[in-house]
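Reviewing the structure listed below.
Please treat every number below as a calculation from the coordinates, not as lab data. This structure is a prediction, so every number in the text was calculated from the model and none was measured. Every residue, glycine as well, gets a Cβ built from its backbone with ideal geometry; the counts of neighbours run over all protein chains shown.
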Amino acid sequence: MTDDRIPQAGHEPESVPTHDERIVDLAGATGRIPVVFIHGLWLLPSSWDRWTDVFEKAGYAPVAPGWPDDPATVTEANEHPELFAGKTVGQVADHYAALIGRLERKPVVVGHSFGGLITQILAGRGLARTSVAIDPAPFRGVLPLPISSLRSASPVLRNPANRHRAVRLTYDQFRYGFANAVHEDEAGELYETFAVPAPGAPLFQAAAANLNPWTEAKVDARNPRRGPMLLISGEKDNTVPWALTNAAYKKQKRNEAVTEIVELPNRGHALTIDSGWAEVAQTALTFVRRFG
């Protein structure tokens, strides 16, 4: 990807790069193909730490920037939930698009849950050489409304005021929405290790996407510059069950580029962070390698 940014005049001071900008710049400076990982709601960039190790060993330049204002740690996130409030799908997508714009090579983009929706938005803008959307949140045109999805989203959607708030899941809510496919002990460990508050706005946007022609939760699935795309679904995912991922696939397969979908048996929404994460990472890596 060529760099079309206008150089700053010599007398104008340059702004100090943010943490996310610095780590993206470092990835770009390696000369390797960058891989941008995008987390979803109730998680932080640290949820990708093991994945970045796998992709780095495979010869890529992985980077996991946060959503705007993401705290550095789970502890800080739980102490300051207000930092998450108000973030929208469009704001987050534009944030990642700006970071990708700092790279000289088109990256691979990998996202989970709402990160999977953002991944599809970025691919639809022609910003990804290859993309992997894992249990992706739905966009406009994805019509199924599974009962389990509504139940998973209910901690946020049941109170309209949550649109402008950050919401933390209780353990029982996390167990149902994320960790239903693992043993109780592992579910508790995942909750303590990874779970953080999340903005309510994206869930309201996704829920109303098919009623709002101007929604930010929309994807250009026909862009010929979209690139190859893999969608991954966990068989036992309550939050984004097969019906939703398959409906997204049916939209995406209209693209002239390669579009594939795979369902991983006995996996829930926590499939990127639970004890079986390596299988999911390898599935994504195998697809990415096929396209350079």
**Distance in nm between pseudo-label sites at Arg105 and Leu26 (7 Å out along the Cβ direction from Cα)** = 1.8 nm
**Item:** Ordering of 22-29, 285-292 by packing [mean C-beta count within 10 Å, highest first]
**Value:** 22-29, 285-292
**Prompt:** One-quarter of the Cα convex hull surface for the stretch 64-148, in nm²?
**Reply:** 6.8 nm²
**Prompt:** Among 138-147, 72-81, what's the highest-first ranking by average C-beta atoms within 10 angstrom per residue?
**Reply:** 138-147, 72-81
**Request:** As a check on your grasp of the helix formula, calculate [θ] at 222 nm for the chain: sum -39500 (n - 2.57) over DSSP H runs of n ≥ 4, divide by the residue count, round to the nearest 500.
**Result:** -11000 deg cm²/dmol
**Message:** What does the charge count around Pro65 come to, taking other residues whose C-beta lies under 14 Å from its C-beta (Lys +1, Arg +1, Asp -1, Glu -1)?
**Reply:** -4
**Prompt:** If each of Ala98 and Arg254 carries a label point 7 Å out from its Cα toward its Cβ, how far apart are those two points in nm?
**Reply:** 3.2 nm
**Request:** Rounded to the nearest Å, what's the spacing between the alpha carbon centres of the stretch 246-280 and the stretch 195-232? Just the number, please.
**Result:** 16 Å
**Message:** My understanding is that a pair violates if its Cα-Cα distance is over 24 Å; which of Lys57/Lys106; Lys218/Lys253; Lys218/Lys250; Lys87/Lys250 do that in this structure?
**Reply:** Lys87/Lys250
**Complete:** Going residue by residue through the stretch 232-239, the Karplus relation 6.51 cos²θ - 1.76 cosθ + 1.60 with θ = phi - 60° gives ³J(HN,Hα) values, rounded to whole Hz and with x marking Gly or Pro, of 10, 10, x, 4, 9, 5, 7, 6
**Request:** Kindly rank 269-277, 207-215 from highest to lowest mean number of other beta carbons found within 10 Å of each residue.
**Result:** 269-277, 207-215
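Relative contact order, percent, of the stretch 160-225 when contacts are C-alpha pairs under 8 Å separated by at least 6 residues?
On the way: 43 pairs, mean separation 25.0, N = 66.
Once divided by the residue count of the stretch 160-225, the mean separation gives 38 percent.
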**Asked** If you place +1 on the Cβ of every Lys and Arg, -1 on the Cβ of every Asp and Glu, and leave all else neutral, what size is the dipole of the chain about its Cα centre, to the nearest 20 Debye?
**Response** 1360 debye
**Request:** Could you point to the residue in Tyr249, Gly234, Pro62 farthest towards the positive end of the chain's charge dipole, with +1 and -1 charges on the Cβ of Lys/Arg and Asp/Glu respectively?
**Result:** Tyr249
**Request:** Report, largest value first, the span of the C-alpha coordinates of the chain along each principal axis, in whole Å.
**Result:** 55, 42, 41
